[in-house]
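The structure under discussion appears below in the form of structure tokens.
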Amino acid sequence: QVQPVESGGGLVQAGGSLRLSCVASGSLFSINVMGWYRQAPGKQRELVAQITSGSSTNYADSVKGRFTISRDNAKNTVYLQMNSLKPEDTAVYYCKLRSVISIGHENDYWGQGTQVTVSS
């Protein structure tokens, strides 16, 4: 059973930086896609960034140029470097890992989330 654990959240002033980490400690299966989602109060959970084992990346338009996702597949660890943070980035950030078994068959694993608060 893959159990993602996030860390690195906290309080930061607008314009500052944070780096989030997510590790799938004790993972049994290979992780093919790693992603970061966030959910602000009263809003839907949204995709922030994702990266595949082949290093292809996708970003939400709202974070392009400010956030960078990276991964260490050997350690099943994914990072989210967040620069130039804005108050609207305030949310709980969740790590989601996907293990692809075959085409159309995958297992997703969600972390518990880490709070990021950006003060104005």
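The values are calculated or read from the model by the stated rules, or taken from the named source; none is laboratory data. Source: prediction; values computed, not measured. Virtual Cβ from ideal backbone geometry, glycine too; neighbours counted across all protein chains shown. Heads up: the accessible areas ignore ligands, DNA and RNA and are worked out on the full protein's heavy atoms, side chains in. Shrake-Rupley method; radii C 1.70, N 1.55, O 1.52, S 1.80 Å.
Brief remarks on what is shown
- Strands (runs of 3 or more DSSP E) wholly inside region 41-120 that include at least 1 residues being closer than 17 Å to residue 7 by Cβ: 46-52, 67-72, 77-82, 91-102, 105-110, 114-119
- Number of residues in region 85-101 that are more than 17 Å from the chain's Cα centre (by Cα) and at pLDDT below 90: the value is 2.
- Long-range neighbours under 8 Å by Cβ, at least six apart or interchain, first residue closer than 13 Å to residue 34 by Cα within region 2-14, second open to solvent by 80 Å² or more (accessible area, probe 1.4 Å): 2/28; 2/29; 4/110; 5/112; 6/112
- Among the residues of region 2-11, some residue qualifies, meaning at least one is out of contact with any helix residue (DSSP H, G or I) (no Cβ under 8 Å at 6 or more places or on another chain), part of a strand (DSSP E or B), open to solvent by 60 Å² or more (accessible area, probe 1.4 Å) and closer than 20 Å to residue 99 by Cβ.
- Residue within region 54-75 that is on the phi < 0 side of the Ramachandran plot, touching a helix residue (DSSP H, G or I) at 6+ places or on another chain (Cβ under 7 Å) and not basic (Lys, Arg) present: no
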